[in-house]
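One structure is given here, and the rest of the page talks about it.
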Amino acid sequence: MPSWLTDFPQLDRATLVDLRRGLDQAYRGFSREFGAEIEAFFDPLLFFLVWFERLLINAPWWVVIIGVCALVWALTRSWKLIIGVVIAFLLIGFFGMWKDTMSTMAIITVCTLVSIVLGVPIGILMARSNRVQMVVMPILDVMQTMPAFVYLIPVVMLLGIGKVPGVIAVVIYAIPPVIRLTNLGIRLVDREVLEAADAFGASPWQRLVRVQVPLAMPTIMAGVNQTIMMALAMVVIAAMIGVKGLGQPVLQSITNQYFTQGLLNGLAIVALAIVFDRVSQAYGKRMQKHHGGTVHG
Amino acid sequence: MADLKIRIEGLYKIFGPNPGAAIELVRDGVSKQEMLDAHDHVVGLKDINLDMTDQSIQVVMGLSGSGKSTLIRHINRLIEPTAGRVQVDGRDVIEMSKDELRDFRRHRASMVFQRFALMPHRTVAQNVAFGLNIQGLERGEVDARVTRWIERIGLGGYEAHYPGHLSGGMQQRVGIGRALATDADILLMDEAFSALDPLIRYDMQSALLDLQSELKKTIVFITHDLDEALRIGDSIAILRDGEMVQQGDPQSIVLNPADDYVADFVKDINRSKVIKVATIMRPPANDTEGPTVDGEMLLEDVARIMTGEGAGWARVVGGSGEVVGRVSTADVMGSMVRQANDDDTVQAAQ
Ligand SMILES: Nc1ncnc2c1ncn2[C@@H]1O[C@H](COP(=O)(O)OP(=O)(O)O)[C@@H](O)[C@H]1O
Ligand SMILES: [Mg+2]
């Protein structure tokens, strides 16, 4: 019997090692060469994140609560939600997790904004072209299934440990829903309404901003909601590469077996998740109120 | 005589993978069914020629699938023809550049849709404003025009409602308001009233005729309903399987159907609402006693006058009041009912 039938015909060890080494070295060379430029590129993001985090931490706690409540009211007009928000924040502060919670809120907000700013245009491009959709879809699948640790490695190799690599890692993990649902929402827009827009002489841009995006908005918001939830789920992993916030005490608790500390911080993450989730959902519903039931005979 | 507004010449539309080659087959006389079965192409329109008069209502009628929607969409080029020309005021729409076409759609031709096609995220007022927003008008001007049109279409007080909360008839009023607000001189209406209940439909027809008497647009009105066609149309064109089978004024269609397809359409029609008395009158006689009626009057109205006065005869006068003919009650009644050889008259009698 030939040997390739009994043993899997694999690359020999030396070649494999060479391959790995070659790739790693090439990437290291790349990051030595361009690391500084790439870091500089992300400076505005870092600057904004730091500024926003300081703002949340330095503002008196009651100002923050009032601010959040004002935002919730503007988005949802729901008293129940506001009461829930106040209770959640008071408990968080009472148990000494205020500062970490502010850091986490800052990074989640920034990651969500980045995801929307990048994801919505990508979703729009996908909806406009089947070819783009065919290319992007598998990439999104990989992004969502690849273990986060794997893409943390090149990010950290390139940018070191800190906030920016944290944001990048979170965005990679959390951006697919915005992209997918923007694409879906725009593809689902009623053909007849689009024809009407054309018949009235709308340019492609007018058609996009006056018809497609507004009509896709409830679906896009559902994507934003999922993105926020996924970003929150990444808080602990992001903490491993130096992102401050509720993730760090959780990590600490794992290594030191502090059950209560872990639980409390975990609950704070859950509370934030519930608040973000309810607010973005209620906002989506409020937008959807007029959509849908168009045909009454 | 009014002027020519829209001229459609030699218009063909073939749907399928290779319309350019398929059109030669169609020109050689291959039938629609054969094109579909043997060549995988749908003949949407075949050699359509139609002239539409300025400031009048041109109805295009035909059964479902006969190509009505395809035809009307060539006038604002929502559909590109396989061959042929569509001229509006002497300008070929098919030759227009992208920008010219956009301008044409913004300012010259607006459209009303069968299923309204309103923007569900916009209020009534915002929907009526849609075309004006697309034109890029200033806000003040938009608001002024929208207010005026909302009053005109009878939706005052509903400005802030969303279309999803309105009845079908009201939604289509919004659709009409949206189309009229752009001040386009051509109005394309694709089965605009077909989705409405009969009573509402009748009201909408009245409203349209009322608007038209004042606005004098050139209206292309698609319908599959002959009653509607006869009531609304100054001129009617009938499509069958993508081909034009007859065109003319309502009366000529009812009196002289070109083939069985058209005859089938007109067989149940109330002829007294279509036929004008001048069409059936006899030569004048000096000794005719009885009421005087206008030659343009419909038989229905003549019959009402004659029976009201118990007259056996009526004198028919022309536009300047001169006597041009006479009719007897029997003439009027006889013309109202269908020809004796009509087979379902016999069935009805049994
Ligand atoms: N995009 C298309 N692709 C293929 N066939 C089409 C398309 N649009 C219309 N048709 C066909 O063309 C014919 C005329 O359609 P249409 O103009 O919608 O008819 P109507 O409005 O009179 O009901 C039908 O046989 C229809 O199936
Ligand atoms: Mg149709």
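The values are calculated or read from the model by the stated rules, or taken from the named source; none is laboratory data. Just so it is clear, the model here is predicted, and its values are computed rather than measured. When we count neighbours, we look across all protein chains shown, and the Cβ atoms used for this are built from the backbone with ideal geometry, even at glycine.
Listed conditions (1) more than 8 Å from chain A (Cβ to nearest Cβ); (2) surrounded by fewer than 22 Cβ atoms within 10 Å (Cβ to Cβ) are all met by B:Arg115, apart from (1).
Using the structure shown, decide if B:Ile238 is more than 20 Å from B:Glu300 (Cβ to Cβ), more than 14 Å from every other protein chain (Cβ to nearest Cβ), within 15 Å of the chain's Cα centre (by Cα) and within 16 Å of ligand 2 (Cβ to nearest atom). Against the criterion (more than 20 Å from B:Glu300 (Cβ to Cβ), more than 14 Å from every other protein chain (Cβ to nearest Cβ), within 15 Å of the chain's Cα centre (by Cα) and within 16 Å of ligand 2 (Cβ to nearest atom)), B:Ile238 qualifies. Restricting B:Thr223, B:Thr218 to those that are more than 13 Å from chain A (Cβ to nearest Cβ), touching a residue at least 24 places away in the same chain (Cβ under 8 Å) and within 16 Å of ligand 1 (Cβ to nearest atom) reduces the list to B:Thr223. All told, B:Ala278 falls short of being on the phi < 0 side of the Ramachandran plot and either assigned by TED's automatic domain parsing to the domain that holds B:Leu63 or within 16 Å of ligand 1 (Cβ to nearest atom) (or both).
Inside the stretch B:195-237, can you point out the residues that are closer than 30 Å to B:His41 by Cα and modelled with pLDDT of 95 or more? B:Val220, B:Phe221, B:Ile222, B:Thr223, B:Ile236, B:Ala237, listed by residue number. Applying the condition of being within 14 Å of B:Asp47 (Cα to Cα) and more than 15 Å from ligand 2 (Cβ to nearest atom) to the stretch B:73-86 and asking which residue is surrounded by the fewest Cβ atoms within 10 Å (Cβ to Cβ) yields B:Arg85.
The requirement of being within 14 Å of another protein chain (Cβ to nearest Cβ), away from ligand 2 (no atom under 15 Å from the Cβ) and either of a type outside the set (S, T, N, Q) or crowded, with 16+ Cβ neighbours inside 10 Å (or both) is not satisfied by B:Arg231. Here A:Val209, A:Val178 are screened, and the one residue that is out of contact with any Lys or Arg (no Cβ under 7 Å at 6 or more places or on another chain), surrounded by fewer than 18 Cβ atoms within 10 Å (Cβ to Cβ), more than 9 Å from chain B (Cβ to nearest Cβ) and assigned to a helix (DSSP H, G or I) is A:Val209. A single member of B:Val254, B:Val220 is in contact with a Leu (Cβ under 8 Å, 6 or more places away or on another chain) and assigned to a helix (DSSP H, G or I), and it is B:Val254.
No other residue among B:Ile150, B:Ile134 is closer than 23 Å to B:Leu215 by Cα and within 11 Å of chain A (Cβ to nearest Cβ) apart from B:Ile134.
The rows are residues; the columns are (1) within 14 Å of chain A (Cβ to nearest Cβ); (2) within 16 Å of ligand 2 (Cβ to nearest atom); (3) of a type outside the set (Lys, Arg); (4) under 18 Å from B:Gly84 (Cβ atoms).
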site: B:Ser31; (1), (2), (3), (4): no, no, yes, no
site: B:Asp37; (1), (2), (3), (4): no, no, yes, no
site: B:His41; (1), (2), (3), (4): no, no, yes, yes
site: B:Asn49; (1), (2), (3), (4): no, no, yes, yes
site: B:Gln55; (1), (2), (3), (4): no, no, yes, no
site: B:Val59; (1), (2), (3), (4): no, yes, yes, no
site: B:Ser66; (1), (2), (3), (4): no, yes, yes, yes
site: B:Leu71; (1), (2), (3), (4): no, yes, yes, yes
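Flag: B:Arg145 matches the condition of being more than 7 Å from chain A (Cβ to nearest Cβ), touching a residue at least 12 places away in the same chain (Cβ under 8 Å), within 16 Å of A:Phe200 (Cβ to Cβ) and crowded, with 18+ Cβ neighbours inside 10 Å.
Of all residues in the stretch A:181-206, those being among the small types (Gly, Ala, Ser) and either closer than 21 Å to A:Leu118 by Cα or surrounded by fewer than 19 Cβ atoms within 10 Å (Cβ to Cβ) (or both) number 2. For the stretch A:75-85, taking the residues that are in contact with a helix residue (DSSP H, G or I) (Cβ under 6 Å, 6 or more places away or on another chain) and closer than 14 Å to A:Leu272 by Cα, the one that is surrounded by the fewest Cβ atoms within 10 Å (Cβ to Cβ) is identified as A:Ile82. Checked against the criterion of being surrounded by fewer than 20 Cβ atoms within 10 Å (Cβ to Cβ), in contact (Cβ under 8 Å) with a residue 12 or more places away in the chain and assigned to a helix (DSSP H, G or I), the candidates A:Leu251, A:Leu215 yield just one match: A:Leu251. Restricting the search to strands (runs of 3 or more DSSP E) fully inside the stretch B:1-112 and requiring at least 3 residues that are in contact (Cβ under 8 Å) with a residue 40 or more places away in the chain and away from ligand 1 (no atom under 16 Å from the Cβ) gives B:4-15, B:42-53, B:83-88.
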